[in-house]
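*Asks:* Below is one structure. I have some questions about it.
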Amino acid sequence: MFIKPDKTILKRGMFVLIGAVLLWGVLIFRLFWLQVVKYDYYHKLVIDNITASYEIPAARGIIYDCNMTELAINTTVKRVFIAPNEIKSSEEKELVARYLSEILEVDYDKIIEKANKTWRADETIKNYVSLEIADQITAFLTENKITSVHLQDQTLRYYPFDTLASQVIGFTGSEGSGLYGLELQYNEYLTGVSGKIITSVNARGGSIPTKYESYTESESGYNLVTTIDYKMQSILEEQVMRTYYDNDAQSRTCGIIMDCNTGAIRAMATYPNFDLNNPAILGDWAAAKLAAYVPGSDDYSEAQSALRLQMWNNMPVSTLYEPGSTFKIITASIGLEEGAFTDSTLFTCTDPFYVPLSSTARQKVRCWHYGGHGTVTFRRGLQQSCNPTLMQASWLIGKDTFYKYVQAFGFTAKTGIDLPGEGKGIFFAYSNMNILELSIASFGQTFKTTPLQELTAICTIANGGTLVTPYVVSKMVDDEGNTIRDCTPQPKRTIISEKTANLVTEILTEGVSTDGAAKNAYVKGYKIAAKTGTSEKTEVALRDEEGNTVLRTGSCVAFGPSDDPQIAMIIICDEPSGESVFGSVTAAPYVASAMGDILRYMNVDPVYSEAELADMEVNVSSYTGLSVAEATAALNQKGLTYKIYGDGTTVTQQIPKSGSTVIQGSAVIVLYTGTEAPTESVTVPDLTGYSITGATDTLTRKGLNILLKGAVQSYTSTDSYAQAVSQSIPAGTRVTPGTVVTVEFRFTDAMDGG
């Protein structure tokens with residue numbers, strides 16, 4: 001018998017079937033979604049759950065000087081971290097937190113807070129822990145059988161010479177990236193590529209004692225070989241620091257030494273400088289500048305921050321200043337190259353001097369030499385830094401030619417040096433340059449340049465007429481010393497002829513060796529071409545009628561030896577507040593000291609004139625233990641005068657001691673024989689303000705030897721102006737006859753116009 005199906009049962013069956021189909025569809029879709037569409041995502045989650053990856057930091061590239069002396073290196077330190085998921089008990093947690101807090105000087109509560117994150121496998125307690133401290137931690141962990149504390153290698157940037165070339169090298173931040181100087185400029189090349197280790201871990205994130213599954217080796221960054229010479233840098237920094245303190249500079253001082261033929265920067269310094277290993281710490285120099293603020297106040301903190309930024313700033317590259325009379329070298333080169341005048345062309349300097357603005361108007365501009373220089377040749381006017389001479393010379397050159405050369409010498413564009421933050425000179429717009437602007441610009445006022453731009457332009461005269469590109473990095477090399485990239489730039493263009501360059505060099509050299517404004521740049525035995533400058537830090541470089549005090553910048557540029565120039569140098573003293581503000585006193589003597597030391601370091605042989613030979617410095621040998629006959633014969637051979645005390649046949653003591661330096665023509669060596677010994681003493685006089693002749697005579701009468709330092713040309717026409725400014729032994733000190741007193745002299749009449 002056929003039974004007709006119940007419609008209700010059929011409907012319910014259909015609903016169940018459709019539901020089952022839909023459910024299977026959803027499940028199939030979900031499986032497809034998870035296993036196909038989202039496969040990569042969930043595969044990564046699984047891998048992440050069963051593996052742990054550790055980065056292998058790449059070694060940052062080393063920075064070398066030109067002789068491969070390391071200036072910036074890497075040292076190994078440790079990162080200390082805990083694995084909270086491996087801490088076995090509350091007692092272990094307390095023990096670990098208490099010990100690490102004490103030895104790492106980290107807050108105890110912060111360590112406990114991190115240790116309570118029991119689902120975590122890595123919580124950093126402190127970065128950059130020294131190996132010495134790390135060894136103590138390791139010993140503690142071993143002794144207490146603790147496995148929840150780990151140490152991982154890190155690299156820390158280290159600068160072996162602390163403050164050397166600080167603004168040039170720069171430093172890195174907490175993440176290891178460069179923040180200033182070469183560290184910033186070449187950060188991309190220094191950084192390298194990190195490696196990675198991937199290892200298996202258990203369900204709690206702990207390590208499984210199996211071999212790692214994957215290892216990618218890190219790639220070290222490129223090493224930089226710079227043009228900096230460690231020795232030259234040290235010499236320059238000493239003189240830049242002396243410039244700062246001797247002249248009580250209210251701002252900063254700086255200097256550059258450049259290979260005038262290639263543009264390679266051999267040294268670059270700014271003072272105040274800073275310790276590259278502790279760049280945020282202000283030196284003792286900052287105390288006076290912070291004295292006006294209450295420690296701990298917002299104003300105090302803001303002042304500290306401002307001083308840090310100024311301290312980190314690379315003054316020779318970034319700071320704009322008015323070059324003053326050092327720019328007269330450029331004006332002279334333009335006029336002589338164009339034939340607008342010769343070195344014997346006559347110009348008249350009156351006091352006051354007037355610049356004709358129109359047929360009815362004129363502007364008074366005074367020369368530094370009150371009363372004027374009278375009628376002088378251009379050669380003499382440049383050596384005496386006569387402003388009216390240079391102004392009249394600029395009129396003969398003309399606005400169009402002058403402006404064209406200013407651009408050619410690079411004063412309207414950056415030099416292109418491979419350092420960050422280079423400033424760009426500010427010169428008149430051509431349309432705004434009238435006769436007054438032309439006149440004042442001729443002696444380096446009312447426009448701004450950087451010290452680097454100024455020295456680069458001066459190098460053009462030193463090397464025979466070619467504008468070079470200054471640079472600090474010569475090449476990049478790998479760890480095997482293979483050159484990866486040659487960074488040496490090409491010369492830019494020829495601006496003046498070798499004939500003109502040689503003539504300007506001759507004029508400048510003659511000015512230094514005679515009575516020119518740059519005579520404080522004299523270096524015994526070497527021909528030096530130099531020019532000093534003093535610019536007023538005002539909007540208009542005109543001396544006011546009342547003689548109001550204005551802030552000034554003193555500077556000196558030089559190159560040598562001028563018969564075969566090798567190096568060029570500039571030193572700048574910003575806002576000197578000592579007895580003199582002129583660059584001839586605040587900068588030139590320090591250029592001379594640095595230039596002499598560097599030329600000797602470069603093994604450039606001195607060539608002495610007859611007058612210089614008469615005052616030759618010689619080293620005192622050891623005569624103790626020799627017979628009197630042997631000692632006197634040796635002294636006679638050196639051309640040294642001597643006195644003998646006692647009636648013995650053997651020298652028992654001598655003054656000055658062996659190794660001292662004395663002047664051949666005036667020194668007296670005292671020899672003691674037999675039982676005779678030094679008992680007599682004399683008082684060292686105060687020689688401040690004495691002339692060379694006066695100081696020499698005074699010390700000689702007391703039986704003391706003098707060693708001259710500084711401005712000691714052997715001509716006598718201006719001897720009275722060369723005054724003693726310091727002495728090696730303080731006045732009032734009792735010393736034995738024969739003792740050497742080093743006295744530094746400077747020409748106090750030296751001035752430099754604009």
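The values are calculated or read from the model by the stated rules, or taken from the named source; none is laboratory data. A quick note: this is a predicted structure, and the numbers were derived from the prediction, not measured. Cβ placement follows ideal geometry from the backbone for every residue including glycine, while neighbour counts extend to all protein chains displayed.
*Asks:* When you scan segment 148-159, do you find a residue that is in a helix (DSSP H, G or I) and either in contact (Cβ under 8 Å) with a residue 60 or more places away in the chain or more than 37 Å from the chain's Cα centre (by Cα) (or both), even just one? Outline the logic, then answer.
*Replies:* Filtering segment 148-159 for residues in a helix (DSSP H, G or I) gives none.
Within segment 148-159, none of the residues are in a helix (DSSP H, G or I) and either in contact (Cβ under 8 Å) with a residue 60 or more places away in the chain or more than 37 Å from the chain's Cα centre (by Cα) (or both).
*Asks:* Read through the list (1) crowded, with 19+ Cβ neighbours inside 10 Å; (2) assigned to a loop (DSSP other than H, G, I, E, B), then give the number of the only condition that G464 fails.
*Replies:* Checking G464 against (1) crowded, with 19+ Cβ neighbours inside 10 Å; (2) assigned to a loop (DSSP other than H, G, I, E, B), the one that fails is (1).
*Asks:* Something else about it: If I ask for residues that are modelled with pLDDT of 90 or more and in a strand (DSSP E or B), which ones from segment 632-646 would you list?
*Replies:* Passing the criteria: Y642, K643, I644, Y645.
*Asks:* Let me ask you something else. Which of (1) among the aliphatic types (A, V, I, L, M); (2) within 30 Å of I461 (Cβ to Cβ); (3) crowded, with 17+ Cβ neighbours inside 10 Å; (4) touching a Lys or Arg at 6+ places or on another chain (Cβ under 8 Å) is the odd one out, the single condition L320 does not satisfy?
*Replies:* Checking L320 against (1) among the aliphatic types (A, V, I, L, M); (2) within 30 Å of I461 (Cβ to Cβ); (3) crowded, with 17+ Cβ neighbours inside 10 Å; (4) touching a Lys or Arg at 6+ places or on another chain (Cβ under 8 Å), the one that fails is (3).
*Asks:* Sticking with this one: Looking only at segment 340-357, decide whether some residue is free of Cβ contacts under 8 Å to residues at least 60 places away in the same chain and assigned to a helix (DSSP H, G or I).
*Replies:* Within segment 340-357, the first condition is being free of Cβ contacts under 8 Å to residues at least 60 places away in the same chain, and the residues that meet it are 341-342, 344-354.
From the residues that got through so far, the ones that are assigned to a helix (DSSP H, G or I) too are none.
The answer is no; no qualifying residue exists.
*Asks:* Could you list, in sequence order, the residues of segment 431-461 that are assigned to a helix (DSSP H, G or I) and more than 24 Å from G255 (Cβ to Cβ)? Break it down stepwise before answering.
*Replies:* Taking segment 431-461 as the starting set, the residues that turn out to be assigned to a helix (DSSP H, G or I) are 431-432, 435-441, 451-461.
Hits for segment 431-461 are S431, N432, I435, L436, E437, L438, S439, I440, A441.
*Asks:* Which ones in segment 413-439 are surrounded by 14 or more Cβ atoms within 10 Å (Cβ to Cβ) and closer than 19 Å to N387 by Cα?
*Replies:* Once the filter is applied, which keeps residues that are surrounded by 14 or more Cβ atoms within 10 Å (Cβ to Cβ) and closer than 19 Å to N387 by Cα, segment 413-439 yields M433, I435, L436, E437, L438, S439.
*Asks:* Name the pairs: first residue in segment 256-279 and over 23 Å from P576 (Cα atoms) and buried (at least 24 other Cβ atoms within 10 Å of the Cβ), second residue of a type in the set (K, R) and modelled with pLDDT of 95 or more, Cβ to Cβ under 7 Å, at least 6 apart or on different chains?
*Replies:* Partner pairs satisfying both residue conditions: M258/R266.
*Asks:* Moving on to the next point. Need at least 1 residues that are at pLDDT 90 or above, more than 27 Å from Y230 (Cβ to Cβ) and not assigned by TED's automatic domain parsing to the domain that holds Y642 per element, so show me which helices (runs of 4 or more DSSP H) inside segment 527-631 make the cut, counting only ones lying wholly within it. Write out each step before concluding.
*Replies:* On the way: elements: 583-586, 588-601, 610-614.
In segment 527-631, the matching helices (runs of 4 or more DSSP H) lie at 583-586.
*Asks:* Next question, about the same structure. Return the only residue of T262, T253, T270 being at pLDDT 95 or above, among the polar types (S, T, N, Q), over 19 Å from F171 (Cβ atoms) and touching a helix residue (DSSP H, G or I) at 6+ places or on another chain (Cβ under 7 Å). Explain how you work it out, then say what you get.
*Replies:* Details: T262 fails: touching a helix residue (DSSP H, G or I) at 6+ places or on another chain (Cβ under 7 Å); T270 fails: over 19 Å from F171 (Cβ atoms).
Just one listed residue meets the conditions, T253.
*Asks:* Considering segment 99-109 alone, what residues qualify as being surrounded by 13 or more Cβ atoms within 10 Å (Cβ to Cβ) and of a type outside the set (A, V, I, L, M, F, W, C)?
*Replies:* Step one: of segment 99-109, the residues surrounded by 13 or more Cβ atoms within 10 Å (Cβ to Cβ) are 99-101, 103-104, 106, 108.
If the condition is that a residue be surrounded by 13 or more Cβ atoms within 10 Å (Cβ to Cβ) and of a type outside the set (A, V, I, L, M, F, W, C), then Y99, S101, Y108 are the ones that fit.
*Asks:* So how many residues does segment 116-174 have that are among the aromatic types (F, W, Y) and buried (at least 17 other Cβ atoms within 10 Å of the Cβ)? Lay out the reasoning, then the answer.
*Replies:* Start the filter on segment 116-174 by keeping residues that are among the aromatic types (F, W, Y), which leaves 119, 128, 140, 158-159, 161, 171.
From what is left, the residues that are buried (at least 17 other Cβ atoms within 10 Å of the Cβ) are 159, 161, 171.
Qualifying residue count for the region: 3.
*Asks:* Does D298 satisfy the criteria of being more than 21 Å from the chain's Cα centre (by Cα), at pLDDT below 95 and over 30 Å from T500 (Cβ atoms)? Walk me through it before giving the result.
*Replies:* Details: more than 21 Å from the chain's Cα centre (by Cα): yes; at pLDDT below 95: yes; over 30 Å from T500 (Cβ atoms): yes.
So D298 passes the test.
*Asks:* Looking only at segment 382-421, count every residue that is part of a loop (DSSP other than H, G, I, E, B), more than 15 Å from S333 (Cβ to Cβ), touching a strand residue (DSSP E or B) at 6+ places or on another chain (Cβ under 7 Å) and of a type in the set (A, V, I, L, M, F, W, C) and tell me the total.
*Replies:* 2
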